[in-house]
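The values are calculated or read from the model by the stated rules, or taken from the named source; none is laboratory data. Please read all numbers here as calculations on a predicted model, not as lab measurements. Here Cβ is always computed from backbone atoms with ideal geometry, including for glycine, and neighbour counts include all displayed protein chains.
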């Protein structure tokens, strides 16, 4: 009995995910439709949702395999960069975004370090006075 | 690249990926989530853009139908494999 419940539960999650994806795909097509002055039929949006869902399955299995190969259980940006290496334009775009994200991380770290340093120096000043 | 808004929510992306993990312990870090979301965004935009372009070339109406989508699908999947 509980096996069937599990299967049903998994199916419901899958449906919810597809519905969420369907909404996002619809929004994106609306955006592009306005830009290019076209209208997307409902079947196209359904078909694109299916394809994206399938594509995400492939992406997930590849990313998991890469991380496991590197003896990690958490997928990181190196895994994603490896995934897209074949298509040059996509690879460059992903690399650009990844570099931007790492840059903003190091800025955050510098900022919090500076704030910490300032806090410590003000503490020492008040102690002296 | 700046103007491409991330239409996909990050937790949707995480759950989408986790559905297909064989190991229950596998997780995705925050940066990788953003990258995958961006990647899926590119996929959807490319598909829609190519289909729209084909529809405009082939038909007189400005409606993108499944036949247009089907025609661009093969090359799209090769480009993203």
Exercise. Among A:73, A:41, A:77, which is the only one that is touching a strand residue (DSSP E or B) at 6+ places or on another chain (Cβ under 8 Å), over 30 Å from residue B:63 (Cα atoms) and surrounded by 13 or more Cβ atoms within 10 Å (Cβ to Cβ)?
Worked result: A:73
Exercise. Which of the following residues is at pLDDT 90 or above, within 8 Å of another protein chain (Cβ to nearest Cβ) and within 17 Å of the chain's Cα centre (by Cα): B:42, B:72?
Worked result: B:42
Exercise. In region B:24-37, how many residues are in contact with a helix residue (DSSP H, G or I) (Cβ under 7 Å, 6 or more places away or on another chain) and at the interface with chain A (Cβ under 7 Å from one of its Cβ atoms)?
Worked result: 7
Exercise. Has region A:51-59 got at least one residue that is farther than 23 Å from residue A:13 by Cα, outside any loop (DSSP other than H, G, I, E, B) and out of contact with any strand residue (DSSP E or B) (no Cβ under 8 Å at 6 or more places or on another chain)?
Worked result: no
